[in-house]
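The structure appears right after this line, and notes come after that.
The values are calculated or read from the model by the stated rules, or taken from the named source; none is laboratory data. Every value quoted in this text rests on a predicted model; they were computed, and no experiment measured them. So basically every Cβ, Gly included, is an ideal-geometry build from the backbone, and we count neighbours across all protein chains shown. Areas reflect the complete protein model, heavy atoms only, side chains present, ligands, DNA and RNA absent. Shrake-Rupley method; radii C 1.70, N 1.55, O 1.52, S 1.80 Å.
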Amino acid sequence: MDKSPFTLDADAAASKSASDHTRASNHAVTDALPFSNRRSFEDAARGFIATIDPLTIHREGSRRPVYDLSGLDFLAGSPPDTVNPSLWRQAQLNAQHNGLFEVTDGIYQVRSFDIANMTLIAGNNGWIVVDPLTSTEASSTALQLANKHLGERPVVAVLYTHSHADHFAGALGVVDPDDAAAGKVEVIAPEHFVDEALSENVLAGNVMNRRATYMYGNLLPPSPAGFVSTGLGAALSMGSTGFVPPNDLICATGETRTIDGIEFEFQMTPGTEAPAEFVFYLPQFKALCMSEITSHHLHNVYTLRGAQVRDALAWSRQINESIDLFGERLEIQFACHHWPIWGREAALEYLRSQRDLYKYIHDQTLRLANHGLNKEEIAEQIELPAELGREFFNRGYYGTVHHNVCAVYVKYLGHFDGNPVNIHKHPPVAAAGRYVEFMGGTDAILDKARASFADGDYRWVAEVVNHVVLVEPEHASARALLADALEQLGYQAESAVWRNFYLSGALELRRELPSETRFRASEGMVRGIPLANLFQAMAVRLNGPAAEGLSLHFNLCFPDIDTRYLMSIENSVLHAFPDRSTAHPTAELTLASLQFKKLMMGITDGATLLGEGELEVKGDLDALTRLTGLFDQFERRFPIVTPHPPRR
Ligand SMILES: [Zn+2]
């Protein structure tokens, strides 16, 4: 038995070349799709003004760049056997068309300075910035590029099209939060933006962030055997983040604004791509911004980093409504990812096709579900009709038909498929031990799995060897075989997301997990969080078993905002009641609201605040220490492909 403490030798730990099966699979894609159609390449290049070369964005005081496309030069060649040729095409479109582009006179986009686009609309006096990217460094670099080549202008307004971080977290790079708070700069967002932005990124933040590293391939080196794209954009920037709350909300379709002389007509599209989102039409430019409702691929009805399942039917309806509202008038369609489409006919054809893409997946999933098929069976079976599936802008570079079908099923029917054997299954490690024993033990499984690998049945190898790795995580050859199988699956995947997941899994099987660091909300994020959302985030971190039997009541006084809260822990549940206090508190804390947020997010501690005179405690001093000890700290890089230690 070749069991050893976990170390893979250099050969086992190295990236492998594409197998014959993978080569054949990728060649079949070349034959199946109309690669001679180069329309998207023309559109992606149209209106180019300037870029930065090499495109590397740095962060002050850090050696690791925030964003770096210089490592993707290899995309200039033809597709290697280790990349699905359809994904290769998308990767080229994303990475090789970076910089400042004119959409039309007065509308500009900085593309591929982050995963999303930053759009700049020239008003009478300054820039209206639509979607200031994911990081301060990326958005400020994008703004500088525009100012340099189009003339220096102040930012007079910022629009957040929706509640995803790649569209708002870089706001500090384009707007001073004091100017926003004072209303000097308009900051416009769809209704419920703040709640949705924060619930998505704080309450489930740690687990989403961890899964996002797999999804976006952040830990993969750029190479033909590694990272090539995110599908949705060239790459995700990893810099400083912040939160500048909006000072104007759009609540209804048909609302208009005139911002710095530019007219905007809004259409609300919530509960589709994001829980809070709008699209808008600019009559002076005959231009429709579809935000992220349309994109040059099949988007995620469910995103594998983890998020609530989206409504494919509503998605399709919203695109249809956009066609009805603006289709007769538009001449240009642009969006917050990818490149625009010019010309009414081409834009309408694209919008109709995207509309039908989501509706086809929705309707056909439910048709087959009503026949009694479960989600795995439906996902295996459904293929797009050729009219939809041969359009590159409907291909699954980000979402896939497979996982979107599962999403539609879950949206209507939940995770359970109705078969009672699936009601109360053993969790993965407990099941794995039993499987390994029933299947004749590790060596027997690995022997058979190697034969399946030779046959190219990588999906099966992954499913079976996963059981071994969960039981014997230090078994070097099991880890190596599972990694090799995931890698070939990654090489074949048309979806950048699937590729990144597979290759990230392989990477972490071949190496130890990167050293552990604790999840911390950024100071910018903490500053922006409203107190009500902070309390909810704390409630999620409260360790229920540790709080069992406790009854703690804190009067909280925040003189800076003239607000009091009663924060109670009872029944292992944390509540915070505004404008309430109790006559017999465990303790009463008086401090600035920002200091309280930092204290609760683990950025500072009680002793430090007391020492600095920032905190006043009446009552039981030790209660504060007991309180802060009740909250879990989350490990940023918890194991995904290997078992994790039990946790209470
Ligand atoms: Zn986005």
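Here is how the numbers come out for the structure above:
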{"quantity": "Hz values of 3J(HN,Hα) by residue in the stretch 22-27 - Karplus curve (6.51, -1.76, 1.60), Gly and Pro given as x", "calculated": "5, 4, 5, 4, 6, 5"}
{"quantity": "Which of 457, 179 is most accessible, then next, and so on - probe 1.4 Å", "calculated": "457, 179"}
{"quantity": "Area accessible to solvent at residue 452, 1.4 Å probe radius, in Å²", "calculated": "20"}
{"quantity": "Helix-only [θ]222 nm of the chain, DSSP H runs n ≥ 4, -39500 (n - 2.57) each, per residue, nearest 500", "calculated": "-11500 deg cm²/dmol"}
{"quantity": "Built amide H within the under 5 Å cut-off of residue 49, gap 5+", "calculated": "100, 101, 102"}
{"quantity": "The stretch 358-426: translational diffusion in µm²/s, Stokes-Einstein, Kirkwood Rh over Cα pairs, 37 °C, 0.692 mPa s", "calculated": "258"}
{"quantity": "Rg/Rg_ref, the chain, where Rg_ref = 2.2 N^0.38 Å and atoms are Cα", "calculated": "1.01"}
{"quantity": "For residue 248, distant residues with modelled amide H under 5 Å away", "calculated": "187, 189"}
{"quantity": "The stretch 239-286 - convex hull of alpha carbons, volume per residue in Å³", "calculated": "138"}
{"quantity": "Spin-label model distance (nm) - residue 17 vs residue 636, 7 Å beyond Cα toward Cβ", "calculated": "3.7"}
{"quantity": "Order of exposure, largest accessible area first, which applies to 636, 459 with probe 1.4 Å", "calculated": "459, 636"}
{"quantity": "Cα gyration tensor category, rounded, prolate or oblate, for the stretch 382-465 with a/c compared to 1.5", "calculated": "oblate"}
{"quantity": "Global form of the stretch 35-140, assessed from the alpha-carbon gyration tensor, a/c cut-off 1.5", "calculated": "oblate"}
{"quantity": "P(r) of the stretch 102-225 over all Cα-Cα pairs, binned every 10 Å from zero, in whole percent", "calculated": "13, 41, 31, 14, 2"}
{"quantity": "Area of residue 16 that stays accessible when all protein chains are in place (1.4 Å probe, Å², to 10)", "calculated": "60"}
{"quantity": "Probe 1.4 Å, protein heavy atoms only - accessible area per residue of the chain in square angstrom", "calculated": "42"}
{"quantity": "Gyration tensor verdict on the stretch 399-523 (Cα atoms; rounded if a/c is under 1.5, prolate if a/b is larger than b/c, oblate otherwise)", "calculated": "rounded"}
{"quantity": "Exceeding the 31 Å Cα-Cα cut-off - candidates 286/375; 598/618; 411/448; 184/286", "calculated": "286/375; 411/448"}
{"quantity": "Derived scalar couplings ³J(HN,Hα) [the stretch 466-481; Karplus, 6.51 cos²θ - 1.76 cosθ + 1.60; whole Hz; x for Gly, Pro]", "calculated": "3, 4, 5, 5, 5, 8, 10, x, 9, 6, 4, 6, 5, 4, 5, 5"}
{"quantity": "Where labels lie 7 Å past Cα in the beta-carbon direction, separation of residue 38 and residue 64 in nm", "calculated": "3.9"}
{"quantity": "Computed accessible area, residue 575, all protein chains, 1.4 angstrom probe, square angstrom", "calculated": "100"}
{"quantity": "Cα-projected label distance for residue 377 with residue 363, points at 7 Å along beta-carbon direction, nm", "calculated": "2.3"}
{"quantity": "Apportionment of accessible area to carbon and sulfur, the chain, percent (1.4 Å)", "calculated": "50"}
{"quantity": "In order through the stretch 354-359: 3J(HN,Hα) via Karplus (6.51 cos²θ - 1.76 cosθ + 1.60), integer Hz, x for Gly, Pro", "calculated": "5, 4, 6, 4, 6, 6"}
{"quantity": "Heavy-atom SASA rank of 88, 498 (probe 1.4 Å, accessible area, largest first)", "calculated": "498, 88"}
